[in-house]
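The values are calculated or read from the model by the stated rules, or taken from the named source; none is laboratory data. Note that the structure is a prediction, hence the values are computed from the model and not measured. Heads up, the Cβs are rebuilt from the backbone with ideal geometry, glycines too, and the neighbour counts pull from every protein chain shown. Ligands, DNA and RNA are stripped out before the accessible areas are found, and what is left, the full protein with its side chains, is counted by its heavy atoms. Shrake-Rupley method; radii C 1.70, N 1.55, O 1.52, S 1.80 Å.
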Amino acid sequence: MNKRWPMIVSIWVTVTVLALATMLTQSTELALTGFGAILATSVAAVSLIHLFRAAPKNFVTELVYVAGGSFLILALASVYLLLKG
């Protein structure tokens, strides 16, 4: 397994947990706003990890995977919220 996948999957899991917590504790409007903050945080996390590692190799690839996966998770959560409510 490639070294980058554990980091990517851990960020996706964190995004999922944060999305679920937001959905359960906030109104629909506030949850949708919170999803934007969660997405921005996931992208910033990849940038910070690479900053502390001082390793620019595969930065863009990891950024695309994390952003794409996080966006998909939050888009599905948004659709669920909008259909639920």
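Selection over the stretch 50-85 of residues that are open to solvent by 30 Å² or more (accessible area, probe 1.4 Å), modelled with pLDDT under 90, farther than 20 Å from Ser27 by Cα and in contact with a helix residue (DSSP H, G or I) (Cβ under 8 Å, 6 or more places away or on another chain) gives a count of 3. Does Thr41 satisfy being open to solvent by less than 60 Å² (accessible area, probe 1.4 Å), among the polar types (S, T, N, Q) and within 16 Å of Ile73 (Cα to Cα)? The answer is no for Thr41.
Residues that are in contact (Cβ under 8 Å) with a residue 40 or more places away in the chain and open to solvent by less than 60 Å² (accessible area, probe 1.4 Å) within the stretch 1-21 comprise Arg4, Met7, Ile8, Ile11, Val15, Thr16, Ala19, listed in sequence order. When residues of the stretch 40-60 are filtered for being touching a residue at least 24 places away in the same chain (Cβ under 8 Å) and either more than 24 Å from Asn2 (Cα to Cα) or in a loop (DSSP other than H, G, I, E, B) (or both), how many remain? The number of residues fulfilling the criteria is 1.
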